[in-house]
Amino acid sequence: MDIISIDAVKTLDGLFRERVKRTPQAIAYRAYDVNQEAWVDYTWVEMDNAVKCWQTALSQENLASGDRVAIMVRNCPQWVMFEQAALGLGLVVVPLYTEDRAENAAWCLGDAGASLLLLENMTQWEALRNVIGQLTQLKRVVILNATAQDIQQTGDQRVVASSTWLPEAAKNIPSAQNDPHALATIIYTSGTTGRPKGVMLSQHNILSNAYACSQIVTVAPDDLLLSFLPLSHTFERTAGYYTPMLCGATIAYARSIQQLAEDLQIIRPTILISVPRIYERIYAGMETKLAEGSAIARLLFKLAVNVGYSRFEHQQKRAGWKLSHLLWPLLDRLVARKLMDKLGGRLWQVMSGGAALSPEVSQVFIGLGLPILQGYGLTETSPVVSANRLNDNLPSSVGCPVPGVEVKLGEQNALLIRGPNVMLGYWNNPEATRAILSDDGWLNSGDTAHIDQQGRITITGRLKDIIVTSTGEKIPPADMEAAILRDPIFEQVMVVGEGRSYLSALVVLSKHGWEKIATRCNAKNDPTTLVNNEYAEEIVLEKISQQISGFPGYAKVHRALLIAEPWTIENEMLTPTLKLRRNKIHEYYQAEIDQFYASR
C-alpha cells in the first residue's frame with residue numbers, strides 16, 4: 001500500500017504536497033454541487049491548484065506565521081483548501097462548529113485572537129454580526145456563498161465574498177518551513193461545564209496520530225469514505241481527513257445528516273467513521289420496524305443476530321464452531337443483506353468513537369455483518385488513544401493503544417496517556433494545563449478504566465460524572481443512559497440522583513415515543529399535557545426498567561420527569577458535539593427535580 005511516511009513529510013501541509021506529487025490524477029474528494037445539481041470530483045492536482053489560490057489570497061492579508069485564522073464551514077473541499085493554504089503559510093487554524101451558538105463562537109474567536117474568519121453563508125453572518133462587532137483583532141471575514149449585493153448590505157468593510165477575494169490566478173508562494181512541533185491548530189472543546197478550552201495541537205501531534213491510525217486500520221487507495229462528522233471534530237479531522245490522505249483514499253462529503261441515508265445509497269462507501277448516536281438511531285429504526293412487523297420477522301432477525309455474532313466470536317477465536325453457523329448464508333440473504341444494502345452495500349470497515357457505544361447495539365450490527373471497531377480518544381490526544389482491530393475486536397472494550405501511545409492507571413483508576421499525540425497544552429490557560437498534564441508528559445484523561453492482560457482498555461466511568469447517592473453508591477450515569485436509549489421511544493435521557501437516596505431520569509421522548517405513550521394512555525398526543533400524566537410516567541419507568549435490568553439493584557430508576565422540549569444546541573442544553581450539558585440541564589430543571597423528590 002502507498003502509505004506516506006511521516007518522516008518524509010514532517011508536517012500536515014508537507015503531507016498534502018507529497019500526496020499531490022504521488023497521485024496527482026487520483027480522485028481526492030467528491031462533493032455535491034448545488035448549482036450543478038450533481039456530485040463533482042476533485043483530483044489531487046485540482047485541489048493543489050485551488051490551495052495555491054487560497055494561499056495567494058491569504059498572503060495578501062498581512063498575516064504573519066503563527067497568526068490564527070478561523071473556519072466555520074460545513075465539510076466540503078473548500079474546508080480542506082482553506083486549511084492547507086493556511087498551514088502552508090505557517091498560520092494556526094481554529095475550526096468552529098457551524099451549529100454552535102453565536103455567543104460561544106464569538107468567545108472562541110476572541111480568546112484565540114483570530115485575525116480572519118471564513119464563513120459559509122450570509123445566514124451565519126447575520127447570526128454573528130452583532131457579537132463579533134467588538135472583536136477588533138478580526139480584520140477580515142470571508143463568506144463562501146455570498147453575492148456582491150449581500151456584501152454591500154452588510155455595511156462592514158471587513159466582509160468580502162470568496163468569489164472576489166480569491167484571485168483568478170495563483171502566485172507562486174514558497175511554503176513556510178514549518179517546525180513539526182510548532183502549533184498547527186487550536187481546537188475548542190465542547191465545554192460541558194463552563195467555557196470551552198482551546199486545545200493546542202502541533203503538526204506532529206496530528207500527523208503522528210493519523211499515521212498510527214493507518215497502521216491499525218486498513219485504508220487502501222480504492223477505498224471511499226463518506227464524511228459527515230464535522231471536520232471541527234478532532235476524530236473526523238485525524239481519522240477521516242488526514243489518515244485517508246496518508247493512504248491515498250477518496251473522501252466524499254455527505255450533504256447533511258438528514259440526507260445521510262440517501263447519500264449512503266448514492267456514494268456506496270467502503271469505510272464509515274461515526275459517533276455512536278448514528279448507529280443508535282439506525283438501531284432504534286430497526287427496532288421500531290420490527291415491532292410493527294410480524295412475529296416471524298422478529299424471530300428471523302433475532303436468529304440472524306445470534307448466529308452472526310456467534311460466527312464473529314468464532315472468527316475472533318473466542319468460541320468454537322457451531323452447527324447453527326450453517327444457517328448463515330440463508331440468514332444473510334433474508335435479513336443481514338437488507339441492512340447492508342441500506343448502508344450502500346459495500347461497507348467493510350466501520351469506526352465508532354467520541355462516546356461509548358453500548359455492547360448490545362454493537363452486537364446487533366456485528367451480528368448482521370457490519371464490523372464496528374470502537375475506539376477511544378480525546379481532543380487533547382489528537383484524538384485517538386486506542387482502538388479495536390478487525391482481527392482483535394472486543395466490543396465491550398475500546399481496544400489496545402495505537403502504536404506509539406502509552407497508557408497506565410493512576411489514582412482512582414484514572415486512565416493516564418503519554419505519547420506524540422498528547423497536546424501542547426491549553427491556549428491561554430496554563431492553570432488548566434497543569435491540572436491535566438504532568439511534568440513528565442502523562443495526561444490525565446479524567447476517565448476511569450480497566451486494562452486487561454492483553455493490553456485492552458475498558459472505560460468504566462468518568463471521574464467527574466459519577467453520581468454518588470446518599471447511600472454511598474457510585475454510579476456512572478452514561479452507561480445507564482446508553483442502555484435506556486436502546487428503546488426507540490427515547491430520544492434523550494439524563495440520569496440524576498447526586499446526594500439523593502435513589503435515581504431519577506430526565507426524559508425526552510422521540511416522536512414515535514410520544515405517539516406510543518399517548519395511545520397507551522388513551523390520551524391526545526400532546527407532549528405538554530402528557531408530561532403531567534401519572535400513567536405516562538409509569539409506562540416510561542417500565543420501559544426504563546426493562547433496559548437497565550442488567551444493572552445492580554441500587555442503580556434502579558424510581559422516578560421519570562418527562563420533558564416536552566428536546567435538548568438542543570440552540571437552547572444551550574447540548575454542546576456542538578451533541579453531548580449533554582449536565583450542569584446546565586440540571587440547573588434548568590432544578591425546581592422540578594426538587595419537587596418530585598419532595599413528593600416521593
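The relative contact order of the chain comes to 11 percent, based on Cα pairs under 8 Å that sit 6 or more residues apart. Distance between the pseudo-spin-label points of Ile296 and Ile266 (7 Å out from Cα toward the beta carbon): 3.7 nm. If you average the alpha carbon positions of region 222-294 and of region 349-414, how far apart do those two centres end up, in angstrom? Cα centroid to Cα centroid, the span is 17 Å. The residues Trp442, Trp39, when put in order of fewest to most other Cβ atoms within 10 Å, stand as Trp39, Trp442. A simple spin-label model places pseudo-atoms 7 Å from Cα toward Cβ; at Gln258 and Ile466 they are separated by 4.3 nm. Placing R0 at 41 angstrom, the Cβ-Cβ distance between Lys524 and Ala102 gives a FRET efficiency of 0.65 after rounding to 0.05.
Annotation: amide H of Asn75 within the under-5 Å range of Leu231, sequence separation 5 or more or interchain, hydrogens built in the peptide plane. Counting beta carbons within 10 Å around each of Leu437, Leu201, Leu323 and listing the fewest first gives the order Leu323, Leu437, Leu201. Taking trypsin sites (Lys or Arg not before Pro) across region 126-175, the ones in a DSSP loop with at most 13 further Cβ atoms lying within 10 angstrom of their Cβ are Lys171.
Using θ = phi - 60° in the Karplus curve 6.51 cos²θ - 1.76 cosθ + 1.60, the 3J(HN,Hα) couplings for region 282-295 round to 5, 4, 4, x, 5, 4, 5, 5, 5, 5, 8, x, 7, 5 Hz; x is entered for Gly and Pro. Express in whole angstrom the spacing between the alpha-carbon centres of region 155-188 and region 115-138. Centre-to-centre (Cα) distance: 17 Å.
Couplings for region 549-554, taken from phi via the Karplus curve 6.51 cos²θ - 1.76 cosθ + 1.60 with θ = phi - 60°, read 4, x, 7, x, x, 5 Hz in order; Gly and Pro are left as x. Amide H contacts of Leu144: Leu119, Glu120, Asn121, Ser162, each under 5 Å away and 5 or more positions distant or on a separate chain (H built 1.01 Å from N in the peptide plane; Pro and chain starts excluded). Taking 12 Å as the straight-line reach from the Cα of Lys524, the aspartates and glutamates in range (excluding those fewer than 8 positions away in the same chain) are Glu515. Helix-only estimate, please: 222 nm mean residue ellipticity of the chain, summing -39500 (n - 2.57) across DSSP H runs of length 4 or more and dividing by its residues, to the nearest 500. Counting only the DSSP helices, I get -10500 deg cm²/dmol. You can think of it this way: the chain between Ser59 and Ile3 has 17.0 nm of extra reach, that is 0.36 nm per residue less the Cα-Cα gap. Of Lys10/Lys579; Lys474/Lys511; Lys322/Lys342; Lys302/Lys342; Lys511/Lys579; Lys474/Lys516, which sit over 26 Å apart, Cα to Cα? The pairs that break the limit, which is 26 Å between Cα atoms, are Lys10/Lys579; Lys474/Lys511; Lys322/Lys342; Lys474/Lys516. Take 474-480, 504-510 and order them by the average number of nearby Cβ atoms within 10 Å per residue, most first; the result is 504-510, 474-480.
Computed from Cα positions, the angle between helix 12-22 and the longest principal axis of the chain comes to roughly 80 degrees. Counted by neighbouring Cβ atoms within 10 Å, the residues Lys516, Lys317 run from fewest to most as Lys317, Lys516.
By the gyration tensor of its Cα atoms, with a ≥ b ≥ c the square roots of the eigenvalues, what is the shape of the chain: rounded for a/c under 1.5, prolate for a/b over b/c, or oblate? Prolate, since a/c reaches 1.5 and a/b exceeds b/c. Between helix 511-521 and the chain there is an angle of about 20 degrees, using the helix long axis and the longest principal axis of the Cα atoms. The amide H of Met573, built 1.01 Å from its N in the peptide plane, has Thr568 as neighbours under 5 Å, considering only residues 5 or more places off or on other chains. Placing a pseudo-label 7 Å from each Cα along the Cα-to-Cβ vector at Lys338 and Lys322 gives an inter-label distance of 2.2 nm. Look at where the Cα atoms of region 307-332 and of region 67-84 average out, and the two centres are 46 Å apart.
Once C-alpha pairs closer than 8 Å and six or more residues apart are averaged by separation and normalised to the residue number of region 275-370, the relative contact order reads 44 percent. In summary, the lysines within cross-link reach of Lys584, defined as a Cα separation below 17 angstrom excluding same-chain residues under 8 places away, comprise Lys464.
Laboratory data are not the source of any read-out in this text; all were calculated from the coordinates shown. All of these numbers come straight from a predicted model, not from anything done at the bench. Quick reminder, even Gly has a Cβ in these numbers, built from the backbone with ideal geometry, and neighbours come from all protein chains shown.
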